[in-house]
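Only one structure is covered here, and it is reproduced in the block below.
Read the figures in this text as sums done on the coordinates, not as results from a lab. Computed from a predicted model, the values in this text were never measured in an experiment. Cβ placement follows ideal geometry from the backbone for every residue including glycine, while neighbour counts extend to all protein chains displayed.
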Amino acid sequence: MKFLVLFLLVPVLAFSYPLTPNKGQTPGSVCSEKHPDYDERRYPEQIPHCNRNVEFETKQAIYDWYKIPAPERKDYTIDHLIPLSIGGDNDAKNLWPEHRAVKQTRPHLEEQLHRLVSDGRITQKEAIARILKAKFSPKAGEEEFEEDEDDEQAGN
């Protein structure tokens, strides 16, 4: 019986998913008017916006760079490190394979940052700093986000 349990756990223990992006492979990048997916400027700050356009081949290359085995890829999404909604682009240096369990640790962060930027309450630079902090240091970003929710509920 012990052998059977160990046999079943080995594949689970042998592969662990990345909890954060690799800063060397995924430093992040923002949209510009020169980007092929540029669509318009948005928000009070007039931030360049790129439409979503990530080719299947690009997604596969990202999985390969991060060494995500093909059978495991169903548990991932290709995430924009800097979300399109706050000015990110579709370049490979802004994409990483995010495990669904990791994404669930900050379910509303991107939506809230988008709302704050689009309302002109924070700058794109501030939003990017918060998203990078949350994605590269999940606990630190989560605590900061909780404080922002408290400020919003208090009417600040």
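A few comments on the model shown:
- Cβ-derived FRET efficiency at R0 41 Å, D39 paired with K74, nearest 0.05: 0.85
- Two-decimal Rg/Rh across segment 21-153, once Rg and the Kirkwood Rh are taken from alpha-carbon atoms: 0.97
- Backbone HN-Hα couplings from phi across segment 83-97 [Karplus 6.51/-1.76/1.60, Hz, Gly and Pro as x]: x, 4, 5, 10, x, x, 10, 9, 5, 4, 6, 10, 10, 8, x
- Pairs from the list K93/K135; K74/K103; K74/K125; K23/K133; K34/K125; K93/K125 with a Cα-Cα gap above 22 Å: K74/K125.
- Net length gained if the chain between K67 and S137 were fully extended (0.36 nm per residue, minus Cα distance): 23.1 nm
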